[in-house]
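Participant: My structure is below; once you've seen it, I'll send some questions.
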Amino acid sequence: MRLIAKGSGWFEWVLLFLAALGLAGGLLASRLTDPLDALLHDAIVRATPKTPDPRILIVAIDDASIRELGRWPWNREVHSRMIDRLAQTGPPAVGYDVLFVDPGPGDEALKASVARFGYDGLVFPLLIAAPGDNGAPYRVTEPVIGRVMAGHVMVRPDADGIFRRLSLVEGKAPTITTHMALTIAGLAEGIIPQSGTLIPFSGGPGRYPTVLFGSVLRGEVPPELMRERIILVGANAI
């Protein structure tokens, strides 16, 4: 009788484990735990913020720069001058987060600056639209400024409207693109692509050193501040 009792107790534990496993799988499949997972992730991010990489420098297209250089979009000769300026600092990678997917004034000057900089250190965004043409799942529009490195910049918010994750790889064969951030990181460190990741936030504005686009263009930023940095150019203007 004792052997039967022991056996039945062991069997009940197995049933309990399988039931718990099934319940956990059902909750995950139904995504009912997503709000709790998000709250947990937010708490961990606030409690253990990631230390910013000291190599990263942001060149901000800010409101003051737009007032100084004129309404957006700028003639691409402005971006040409910026790329020539950045080339003087010898950056291992530059992410230039401005879309150049349609022809525009100053294209020839911009193409010349990109060629002078070199095609293996500059990364531009490309445009992905879903669905694509003629039944294709995606339509990818490359920059019109020549043979440049490019990546997608798609991000999708969670159900509560907060951005916590990004897809490092978008599309389906034969149209597969990596995220622009991953392309930049690959230039700097040789990172291997993954399918997706939670964003390891470092904190609010000001965590990464930032200089203003107009100041860089005027030569007011000391060259030693920019030398050998991973430079990210992008807009924070309203």
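The values are calculated or read from the model by the stated rules, or taken from the named source; none is laboratory data. Being a predicted model, the structure only gives us computed values, none of them experimental. All Cβ positions, glycine included, derive from the backbone under ideal geometry; neighbour counts span all protein chains shown. To get the accessible areas, we keep the full protein, side chains included, count just its heavy atoms, and leave off ligands, DNA and RNA. Shrake-Rupley method; radii C 1.70, N 1.55, O 1.52, S 1.80 Å.
Participant: Going from the alpha-carbon gyration tensor of the range 145-238, what semi-axes, largest first and in whole Å, does one get by taking the root of 5 times each eigenvalue?
Facilitator: 27, 19, 13
Participant: Run the simple label-point estimate for SER202 and LEU99 please: 7 Å along Cα→C-beta, distance reported in nm.
Facilitator: Distance between the two pseudo-spin positions: 2.7 nm.
Participant: Kindly rank 92-101, 35-44 from highest to lowest mean number of other beta carbons found within 10 Å of each residue.
Facilitator: So the order, starting with the most tightly packed, is 92-101, 35-44.
Participant: So which trypsin sites (Lys or Arg not before Pro) in the range 130-238 end up in coil per DSSP with only 15 or fewer other C-beta atoms within 10 Å?
Facilitator: ARG147, ARG207, ARG218, ARG227
Participant: For THR197, what accessible area in Å² do you get when you roll a 1.4 Å probe over the heavy atoms of the protein chains, rounding to the nearest 10?
Facilitator: 60 Å²
Participant: Ordering ILE238, ILE176 by how much accessible area each has at a 1.4 Å probe, largest first, what is the list?
Facilitator: Output order, biggest surface exposure first: ILE238, ILE176.
Participant: How long are the semi-axes of the equivalent ellipsoid of the range 71-112, taking √(5λ) for every eigenvalue λ of the Cα gyration tensor, in whole Å from largest down?
Facilitator: So the three semi-axes of the range 71-112 are 19, 11, 9 Å.
Participant: Beyond 16 Å, how much of the Cα-Cα pair distribution for the range 89-163 remains, as a whole percent?
Facilitator: So the portion of pairs separated by more than 16 Å is 59 percent.
Participant: To check you understand DSSP bridge types, tell me what percent of the beta bridges within the range 22-177 (both residues inside) are antiparallel, rounded to 5.
Facilitator: 55 percent
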